[in-house]
1. If the reach is capped at under 17 angstrom between alpha carbons, list the aspartates and glutamates near residue 83, excluding any in the same chain fewer than eight residues apart.
2. How many nm is it between the label spots at residue 55 and residue 36, if each spot is 7 Å from the Cα in line with the beta carbon?
3. Given the pairs 29/57; 31/59; 10/31, which span a C-alpha to C-alpha distance of over 22 angstrom in this model?
4. Say the dipole of the chain comes from +1 at the beta carbon of Lys and Arg and -1 at that of Asp and Glu; which of 55, 76, 19 then lies farthest toward its positive end?
5. Take peptides 69-80, 51-62 and line them up by average Cβ neighbours within 10 Å, highest first, as a rough protection proxy.
6. So, by mean Cβ neighbours within 10 angstrom, what's the order for 19-25, 44-50 with the highest one leading?
7. Which FRET efficiency, nearest 0.05, do residue 14 and residue 75 yield, Cβ-Cβ r, R0 25 Å?
8. For residue 7 and residue 85, calculate 0.36 nm times their separation in residues minus their Cα-Cα distance, and state this gained length in nm to one decimal.
Amino acid sequence: MKSIFPDIDKSKLEDFYILIGQNVKRLRKEKGLSQLELSIMIGQKSTSYYSNCENYKNKEHFNLEHLFLISNVLEVDISEFFKEIH
């Protein structure tokens, strides 16, 4: 099957999802919340799904709605999830 975006290397997209998950995890920990607490606060019934998104396990990742809700709960600007941390 041909890629819709032939100029984008699939590994770059995966790196993007991993970066977002790492930033969500870092910011969640800075606020002192567990995965369970945050997943409940954003309306997720499955902590395992949330954990998979945070760790990009099974290629699961956060969608825009998740990021919007998480940014509101953590009281951070949504752009924080996209920043490279050095």
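Any read-out appearing in this document is the output of simple, stated calculations on the displayed coordinates, not a laboratory observation. Remember, predicted model here, so these are calculated numbers, not experimental data. Note that we place each Cβ from the backbone using ideal geometry, even for glycine, and neighbour counts take in every protein chain shown.
1. 14, 15, 30, 54, 75
2. 1.6 nm
3. Numbers: 29/57 19 Å; 31/59 26 Å; 10/31 32 Å.
Flagged as over cut-off: 31/59; 10/31.
4. 55
5. Working: 69-80: 15.0, 51-62: 16.8.
Most protected by this proxy first, the peptides run 51-62, 69-80.
6. On the way: 19-25: 19.1, 44-50: 14.4.
Top to bottom by mean Cβ count within 10 Å: 19-25, 44-50.
7. Numbers: r = 29 Å, r/R0 = 1.14.
With R0 = 25 Å, the Cβ-Cβ based efficiency is 0.30.
8. Details: separation 78, 0.36 × 78 = 28.08 nm, distance 2.55 nm.
Gain on stretching residue 7 to residue 85: 25.5 nm.
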